[in-house]
Amino acid sequence: MDMNATEKPMLILKDIHKFYGKNEVIKGVSLEVRRGELVTFVGPSGCGKTTLLRLIGGFTDISSGDIILDGQRINDLPPNLRDTRICFQNYALFPHMTVAENVGYGLKINKWPKDKINARVKELLEMVELEAFGDRMIDKLSGGQQQRVAFARALSLEPKVLLLDEPLSNLDANLRLVMREEIRKLQERLHITTVFVTHDQFEAMAISDRLVVMKDGLIEQVGTPIEIYERPANEFIAAFVGYVNFMDGRIASIDEKTRTMVVDTQYGKFEINLEQEDIRNGDEVLMVVRPESVSLSLDCGGNRQNVLCGTLKTYMYAGSLAKCTVMVGDKKMIIDQYNPRDAVHFKHAEKVEVEIPRSVHLLKKKK
Amino acid sequence: MATAELSVKLQSSSGSRVKDFLNANMINILAVFLFLLLAFFLLYPIIAVLIKSFRGPSGFTLEYYRSFFSKNYYYQSLYNTLLLGAINTIVCLVIGFCLAYITTRGPWILRKPLKIISLVPLIAPPYLFALSLIILFGRNGLVTRMFDLHWELYGFGGVVISQTLAFIPLAFIMIESTLMSLNPNLEESAYDMGASEATILRTITIPLMAPGLLKAALLIFVMTIAEFGNAAILGGRTPFLAPDTYTMITGESDFNMGSVLSVILIAPCIIIFLIHNYLLEGKKFTTIGGKPVASEPRKITPLIKVPFVIITTAAAGAILVCFAVVVAASFYKILGVTHKAVLSNYLDFTSNQAIYNSIRVSLVAAVIGAVIGVLLAYVIVRGKFFGRTFIEMVSLSGFALPGTVLGIGYLLAFSAPPLKLTGGIMILALNCVFRFLAVGVEAGISKLHQIHIEIEEASSDLGASFLTTFYRIVLPIMFPAFIAGFIYTFMTAIVSLSAVVFLVSPGFQLAAVTIFDAAVYGEIGVASATTVKLVFIVMICMMILNYITKKTRLGSGMIKSAAV
């Protein structure tokens, strides 16, 4: 990480704006992508992630700002002169060519000699484990195979940056997991800088070095999957990357010595670890309580710290976890109980204990 | 008592049995009825032409065919027609491709205007271009006089130019839809891999469009060799098959030779459709990518952009000029010769009488056409009987047939008992109905494919009879298709020339024929004014059709097939 940081970034976006007529779809985006890093643009549909990818690829002109690829400003270069390669969502494989012709298309265009093309195509097909399919036509391939061909084709010219536009969205669920792993493995092996676009937050977290969460043409937060999930910058991100039980509260006291603080809510006082520097005494906050971070137990007698008493409304056992709804006062909480060994007992329970962890993340409310 | 009761029961059950039978087989009965209509008004006339070409005074003979292939004149006529078709097809494809490329890939500002202008000829009868060429380049033409030129418009060149202009929309529409259905990501991928614009065109776009281009080429070829008006008006002494057929019938009353010429004219159409089906079997690259999408404009290299823009704007300019001169000419006795603007061309009694007649004929044709179209569509989509595809093929075939053939066919078939129709309005109307049935049927079919059979089944399940279901459920849903079929038949019928030119009687002139005669005799003013009136009527129809299409989401395919 430190070694990368000292290096020049591979791709720099500087205050990118994009207008379609009067409609501003990218509203000032700045970002640095390090060498060999896999960065994912993620966000709800219409957030501008695909547009941003197309801007990087050169398919659409930026309205203002700069795109710098490996130290060179590429704003005005058309796609055929940019050292970026894109993999479209629908793969865009040429249906009138064989697998090998598809993979070798870029090499041929760039006037490689025939024997070198053949060698490179062979190498690429071996890489994506399709060496036996070179002579097949595209429509004789399965979705996953097409995806690999598209990937091989994009990699054929060893681009500086690989752009992947929702590459897995046309695959069924199981295959998506397999391909996700494969893409990541190859990407790490080839150490190729990659920008990945997806609307699937879980896919984004699983595959990326860093996530760029976007909304309405703006970047909401950039960070590692852990940072985004554990320390979301705002409510939108917190809710976007997973279910959250939000709880309103106020900082009642901060104890610098024990690095703890007390949050006062209408359900009671909670002791929370002090991990955020920007929190001050008296701040209005929103507690980000993830369903799986809460522990559930049966008795509801004692009056322990951080423990609330609630009524179990639904308990849906699903093997690896049980999804529960608990009413705490008028607050409906969703709780995921992993490894639910006591399911039998919970099935008929009414009163339950809900323990809020001390590691809860707090969002400062804007005044 | 008991017996009486029993007999009543029996009676009622036998009554309901008839009803049940009718109910269950209504669609088949309808199919038989419709097939008889098709057989009588579409197949029989064509067969009549075929028979006539083989039957001399003493039975079967090949004499007429021998005469066709041994006389240099006929050979020349066939040669000219095929050459015209070939040249026209190539030029139209090139212009159509440039237009479609710019309107789907080019800069935004050019897309809309070019698209509109390339579709403008649709509102005009094809022979408008012959007329405007006469006004511009004829012996007394504006350009001819201005530069004191001594050229001959009448002949092969003139026909090629007018035909090309007339068939630009067809080429454009077909190529545009092929281009639109091409996934833009394919070209972008090639672009991304380093291909230049020209390379993308050569390696991706054109290979992928090949089936679509071929289809367009074949259709344009067939339409253009069958087209009667331009060749008849501007052909001069250069023989072409379609106008020769006309002269053979009206000039020399030689029905045998006329029939032979017709059969020869059909032959390439049939051959080409066979080729078409054979070649395009299973070749559909362009369907990959699914729904049509507008591509973002690319930075097209000047090498491609400049010639494309020149070709497209030249074509668009020519189309506009042609329309403008016809409008201008309609206000002068002879444009460029007399300088006083007059309204007399518009007030011309024969012209207005002809327009009135045309409207009457077209209305009758439209009503019958729309009804038969909807019923045929229903039978084709919902029927489960043997020969359904055959009925579909026959009902769509009127379209591909040269108009002259159906004109002669009607003359041969319906000029003598049992059904003598010549001389009246009905023969004209029926001719139009069966020639232009295709679009009404297509509209109906596409509408029916949008609704699930379950809707009708639900109705029957709730106890409705076939007729009730048809009346209460099917008809309301099909209504937009009915209206579309109605308007389409109306506006096609009102400008059509090639078939009705054989069928009009001296006392009952039609507008298209009036324009044709006036153009041939050099009465440019009247011809222009009548054309403008027709254009106006068609324009209104188009607008209504467009409105309905948008309102009811009949699918853009409707308008497109209407255009074809």
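Things worth noting here:
- Region B:133-145, residues that are part of a helix (DSSP H, G or I) and in contact (Cβ under 8 Å) with a residue 24 or more places away in the chain: B:LEU133, B:ILE134, B:ILE135, B:LEU136, B:LEU142, B:ARG145
- Test: residue in region B:362-382 that is crowded, with 23+ Cβ neighbours inside 10 Å and more than 15 Å from B:GLY440 (Cα to Cα): no
- B:LEU208 on the phi < 0 side of the Ramachandran plot, more than 14 Å from chain A (Cβ to nearest Cβ), assigned to a helix (DSSP H, G or I) and of a type outside the set (Asp, Glu): no
- Residue count, region B:155-199 (criterion: outside any helix (DSSP H, G or I) and either under 26 Å from B:CYS322 (Cα atoms) or within 34 Å of the chain's Cα centre (by Cα) (or both)): 4
- Annotation: B:VAL120 fulfils all but one of (1) more than 19 Å from the chain's Cα centre (by Cα); (2) surrounded by fewer than 19 Cβ atoms within 10 Å (Cβ to Cβ); the unmet one is (1).
- Counted residues, region B:346-365 - those being farther than 13 Å from B:ILE515 by Cβ and either of a type in the set (Gly, Ala, Ser) or not in a helix (DSSP H, G or I) (or both): 2
- Checked against the criterion of being within 13 Å of chain B (Cβ to nearest Cβ), crowded, with 19+ Cβ neighbours inside 10 Å, part of a helix (DSSP H, G or I) and not small (Gly, Ala, Ser), the candidates A:PHE94, A:PHE151 yield just one match: A:PHE151.
- For first residues located in region B:183-196 and facing chain A (nearest Cβ under 7 Å) and in contact (Cβ under 8 Å) with a residue 24 or more places away in the chain, partners that are among the polar types (S, T, N, Q) and in a helix (DSSP H, G or I) and lie 6+ apart or on another chain with Cβ distances below 7 Å form the pairs B:TYR191/A:ASN80; B:SER196/A:ASN80.
- Looking across region A:207-243, the residues that are in a loop (DSSP other than H, G, I, E, B) and surrounded by 21 or more Cβ atoms within 10 Å (Cβ to Cβ) come down to A:SER208, A:GLY217, A:PRO232, A:VAL241.
- Residue that is under 20 Å from the mean Cα position of the chain (by Cα), at pLDDT 90 or above and either within 13 Å of chain B (Cβ to nearest Cβ) or not in a loop (DSSP other than H, G, I, E, B) (or both), where the choices are A:GLU181, A:GLU126, A:GLU158: A:GLU181
- B:SER259 vs. criteria in contact (Cβ under 8 Å) with a residue 12 or more places away in the chain and small (Gly, Ala, Ser): yes
- Figure legend. Inter-residue proximity from region A:126-152: first residues assigned by TED's automatic domain parsing to the domain that holds A:ASN102, second residues of a type in the set (D, E, K, R), beta-carbon distance below 6 Å, spacing 6+ or different chains. Indicated pairs: A:VAL128/A:ARG148; A:LEU130/A:ARG148.
- Number of residues in region B:257-287 that are at pLDDT 85 or above and under 23 Å from the mean Cα position of the chain (by Cα): the value is 9.
- Condition met for A:ILE334 (of a type outside the set (Gly, Ala, Ser) and within 24 Å of the chain's Cα centre (by Cα)): yes
- The set of residues from region B:382-403 being within 16 Å of B:PHE41 (Cα to Cα) and in contact with an Asp or Glu (Cβ under 9 Å, 6 or more places away or on another chain) comprises B:LEU396, B:PRO402, B:GLY403.
- In region A:63-76, the residues that are more than 10 Å from chain B (Cβ to nearest Cβ) and not in a strand (DSSP E or B): A:SER63, A:ASP70, A:GLY71, A:ILE74, A:ASN75
- Residue in region A:35-62 that is nearest to the chain's Cα centre (by Cα), counting only those that are surrounded by fewer than 19 Cβ atoms within 10 Å (Cβ to Cβ) and away from chain B (no Cβ under 14 Å): A:PRO44
The values are calculated or read from the model by the stated rules, or taken from the named source; none is laboratory data. Values in this document were obtained by computation on a predicted structure and should not be read as measured data. Positions of Cβ are backbone-derived with ideal geometry, glycine not excepted, and every protein chain shown enters the neighbour counts.
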